[in-house]
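Inspection log for the structure reproduced underneath, given as structure tokens.
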Amino acid sequence: MTERVSRRVATIPVDRITVLNSRAREKRRFREIVENIGKVGLKRPITVTRIPSADGKEAYGVVCGEGRLKACIDLGQTAVAAIVIEASEQDCLVMSLVENCARRKHRPADLLHDVGALRRRGYTDGQIAAKIGCTPQWVHMVGGLIERGEERLLSAVETGVLPVSVAVEIAKTDEAGVQALLAQAYAERKLSGGKLIKVRRLLEARRKRGRESDANPFGRKEPSRRPNSTAALLKVFQQEAGRERVLVKKAELTQSRLMFVVEAMRKLRADAAFVALLRAERLDAMPADLDERVSGRAA
């Protein structure tokens, strides 16, 4: 987006100004703006651009400063100080979106809405990130949720119930019931990010096995075990954690037994009489992997 350098400051009647990109405002925040302007006046002019009008008179569209304009109107002011710039309607809309995204205090819903609007106007995730001061990865995650129409998860992100990264992970399962349970479990602090990812993958693996069993009528079918509560989700994780602990113990036991066998074979190989006996019986060959370990060549 390129903006022309030409600009001027003017006092413009409020009835000649139209909001180009209107949005809902928090009542408390709006009242703060009204009170502040009422006490100290308008410290920062709004930004407007010329637009066509039906009556042929000068008319302007708000680029930045909708809240300040409405506050002045609420205070009964008939004119407002404004910086007039020359820009196309599309440039003005994008400037308005960027300003809304960059505000220090903005509603999460507004931020998500504006990211979606900038994407629809052809801006890349990297360009949007540079404009609003975040990472391209964050923009990409938000954009993915918007494209998939994950309204429930977007709502959870808007209200601060879920971080975007967790919402994206939950969105990887397309079962609405499971999504809701995962979100609830995270909100209730029963499953952290890492645990939640593990449970989602377990549930997806179970569902996949179920589909494969249905496709093979002669195969062994597993009973449906879809959890119906956050407690059931937690139980799934605890069962998997227990299974992993057993596997770790088995691996440690196997490793210790292998080390014992390798050490025993090394000592036997050092015995010339034993080696000669093996050769005589044609038993001196051994599996390549074991030979490498005994010889110390294994990585």
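Derivation of every value follows stated rules applied to the coordinates shown; laboratory data play no part. The shown structure was predicted, so the numbers you read here are calculated from the model rather than taken from an experiment.
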> With θ set to phi - 60° and the Karplus curve 6.51 cos²θ - 1.76 cosθ + 1.60, what are the ³J(HN,Hα) couplings of the range 152-168 in order, to the nearest whole Hz, using x for Gly and Pro?
Replying inline: 5, 6, 4, 4, 5, 5, 4, 8, x, 6, 10, x, 4, 4, 5, 4, 5
> Ordered by residue, what ³J(HN,Hα) values in Hz, to whole numbers, does the range 265-272 give under the Karplus form 6.51 cos²θ - 1.76 cosθ + 1.60, where θ = phi - 60° and Gly and Pro are x?
Replying inline: 5, 4, 5, 5, 5, 6, 8, 4
> At q = 0.25 Å⁻¹, what base-10 log of I(q)/I(0) does the Debye formula yield for the range 116-176 when every alpha carbon is treated as an equal point scatterer in vacuo?
Replying inline: -1.06
> So which of Lys198/Lys235; Lys131/Lys172; Lys27/Lys190; Lys172/Lys249 end up more than 23 Å apart, counting from Cα to Cα?
Replying inline: Lys131/Lys172; Lys27/Lys190; Lys172/Lys249
>> Skipping prolines and chain starts, which residues have an amide H placed within reach, meaning under 5 Å, of the one on Leu20, given they are 5 or more residues away or on another chain?
In response: Val62
> Under the Karplus relation 6.51 cos²θ - 1.76 cosθ + 1.60, θ = phi - 60°, what is the ordered set of whole-Hz ³J(HN,Hα) values for the range 53-65, x standing for Gly and Pro?
Replying inline: 10, 6, 8, x, 7, 5, 9, 9, x, 6, 8, 9, x
>> List the residues, sorted by chain then number, that are 5 or more residues from Leu162 or on another chain and whose placed amide H is less than 5 Å from its amide H.
In response: Val157
